[in-house]
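Encoded as structure tokens, the structure appears first; notes follow it.
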Amino acid sequence: MLFYTHNPSQFAFSKDENDFNNYISSKNGKKPTKKSLFALLGVPFDSTTTYRPGARFGPSAVREASHNFENYNLSCDCSIDSTIFDLGNVQVSHGNFKKTCSNLLETVSDLLEYDIKPIVIGGEHTISYALVKALNAYKNLNELTIVHLDAHMDIADSYMGEKYSHATVMRRIFELNPARIIQVGVRSASYEEKEFVQEMQIEYYTSAEINENLNSLLKILDLINGPVYLSIDMDVFDPCEAPSVGNPTPGGINSQQLEEIIRILALKQVVAMDIVEVAADKIGDLTSINAAKIILDFISMQGKSSLQY
Ligand SMILES: [Mn+2]
């Protein structure tokens with residue numbers, strides 16, 4: 001029997017949890033060896049949001065928006081040929097980051113055990129900490145480059161009394177001692193944050209610098225060696241292209257620049273990524289569409305060694 005149906009609440013072009021379980025049992029515990037496998041996880045958590053709430057709806061909104069796109073990508077003349085499993089959402093405990101972080105860390109650790117790369121849709125930015133912490137058990141963080149696309153540095157030691165907050169997440173990640181942190185598209189920070197990143201020699205490239213000379217950033221990203229963790233706060237975009245975020249900040253970068261950045265990063269050894277801070281509240285939301293596009297661009301472009309810029 002054949003039903004001509006699909007599940008609109010599942011990410012476009014993905015396989016579901018049953019396929020995932022079949023894959024795992026067919027592998028009988030053996031790690032895959034050839035093409036990259038990706039697993040999508042939603043984390044509908046937004047407990048430390050300080051301005052515009054709603055990131056808990058991000059995973060559903062981005063999945064819905066993914067159905068707006070084609071499997072074929074005209075920009076790179078390539079199609080999606082990697083397997084992507086949509087495993088649904090991680091159980092969150094609203095108001096309790098510690099418990100949510102623990103659930104996410106354990107789930108992601110299981111995926112890494114099978115050499116499956118997590119792509120996590122937030123949720124607020126705080127969740128990135130759990131992902132980098134999970135990587136710690138499988139990769140040498142001394143070799144890991146964090147590429148952080150964001151309007152904000154997110155590197156305060158604490159924010160409104162919280163150590164674990166969307167505004168402190170990069171400080172907690174910095175404390176895990178990754179090899180390098182590169183901040184892309186920043187245009188907002190406290191004076192203390194700016195002093196800290198300069199003192200610690202954390203690289204940052206402002207949206208104004210990128211608007212002035214995108215190629216200079218692309219060359220820097222292209223020189224990255226070793227494993228990469230990619231964290232994308234959707235407020236890196238100018239609010240005219242991504243208004244539904246927790247902290248909209250004028251003067252951002254645009255979707256074409258993002259596409260070029262992803263084109264370079266997709267050829268790097270990205271071991272996990274997150275797309276966070278989509279606080280969308282309606283079908284067809286522009287922020288969700290741009291977030292879904294990033295994931296689809298990344299999946300279709302990754303591993304295509306012939307791409308040029
Ligand atoms: Mn931000």
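Per the Kirkwood treatment, what hydrodynamic radius in Å, one decimal, follows for the range 195-309 from the mean inverse distance over all distinct Cα pairs? Write down the numbers at each step before the final one.
Details: mean 1/r = 0.0664 Å⁻¹.
Over the range 195-309, the inverse of the mean reciprocal pair distance is 15.1 Å.
Against the longest principal axis of the chain, how steep is helix 286-301, in degrees 0 to 90 to the nearest 10, with axes from Cα atoms?
Helix 286-301 and the main axis of the chain meet at about 70 degrees.
Can you give the extra length, in nm with one decimal, that the chain gains between N177 and E17 once fully stretched, where that is 0.36 nm per residue apart less the Cα-Cα distance? Don't jump to the answer; show the numbers that get you there.
Numbers: separation 160, 0.36 × 160 = 57.60 nm, distance 3.39 nm.
Between N177 and E17, full extension yields 54.2 nm more.
Would you mind ranking S188, S14 by Cβ crowding within 10 Å, fewest neighbours first?
Values: S188 17, S14 22.
By the 10 Å Cβ count, ascending, the order reads S188, S14.
With only alpha-carbon atoms counted, please give the Rg and Dmax of the range 66-114, in Å.
Using the Cα atoms of the range 66-114, the pair Rg, Dmax is 16.2, 44 Å.
5 Å is the cut-off here: which amide hydrogens, built 1.01 Å from N in the peptide plane, fall below it relative to L40, excluding neighbours closer than 5 in sequence?
The answer is F85, D86, L87, I119.
Step through the residues of the range 47-52 one at a time and calculate ³J(HN,Hα) from phi using the Karplus curve (6.51 cos²θ - 1.76 cosθ + 1.60, θ = phi - 60°), rounding each to whole Hz and writing x for Gly and Pro.
8, 9, 4, 10, 10, 10
Return the calculated 222 nm mean residue ellipticity for the chain, to the nearest 500 deg cm²/dmol, obtained by summing -39500 (n - 2.57) across DSSP H runs with n ≥ 4 and dividing by the residue count.
Working: 10 runs with 102 residues, N = 309.
The per-residue figure over the chain is -10000 deg cm²/dmol.
Please list, ordered by chain and number, the residues whose modelled amide H lies under 5 Å from the amide H of H152; skip anything fewer than 5 residues away on the same chain.
Amide H neighbours of H152: R187.
If one takes the longest principal axis of the Cα atoms in the chain, at what angle in degrees, from 0 to 90 and to the nearest 10, does the Cα axis of helix 17-27 lie?
Roughly 80 degrees, rounded to the nearest 10.
Please compute the Cα-Cα pair-distance distribution of the range 123-251 with 5 Å bins starting at 0, giving whole percents from short to long.
Result, from short to long distances: 2, 10, 21, 24, 22, 14, 6, 1 percent.
Residue-wise, which Karplus ³J(HN,Hα) couplings in Hz belong to the range 121-134, taking 6.51 cos²θ - 1.76 cosθ + 1.60, θ = phi - 60°, and x for glycine or proline?
Calculated HN-Hα couplings, in order: 9, x, x, 6, 5, 3, 5, 4, 4, 4, 5, 5, 5, 5 Hz.
So what's the projected area for the range 9-132, the Cα convex hull averaged over all directions, in nm²?
Numbers: hull surface 34.7 nm².
Taking a quarter of the hull surface, the average projection is 8.7 nm².
Given N residues in the chain, what is Rg(Cα) / (2.2 N^0.38 Å)?
Details: Rg = 18.1 Å, N = 309, 2.2 N^0.38 = 19.4 Å.
Its radius of gyration relative to the 2.2 N^0.38 Å reference: 0.93.
How many angstrom lie between the C-alpha centres of the range 63-91 and the range 130-193?
Taking the Cα centre of the range 130-193 as reference, the centre of the range 63-91 is 27 Å away.
To test your reading of the geometry: what angle, between 0 and 90 degrees and rounded to tens, separates the Cα axis of helix 255-265 from the longest principal axis of the chain?
The angle comes out at about 70 degrees.
Give the peptides 197-204, 109-116, 178-185, 287-294 in descending order of average Cβ contacts within 10 Å, highest first.
The packing order, highest mean first, is 287-294, 178-185, 109-116, 197-204.
Read-outs throughout are calculated quantities, based only on the coordinates presented, and are distinct from any laboratory measurement. The shown structure was predicted, so the numbers you read here are calculated from the model rather than taken from an experiment. Positions of Cβ are generated from backbone atoms using ideal geometry, with glycine treated the same way; all protein chains shown enter the neighbour counts.
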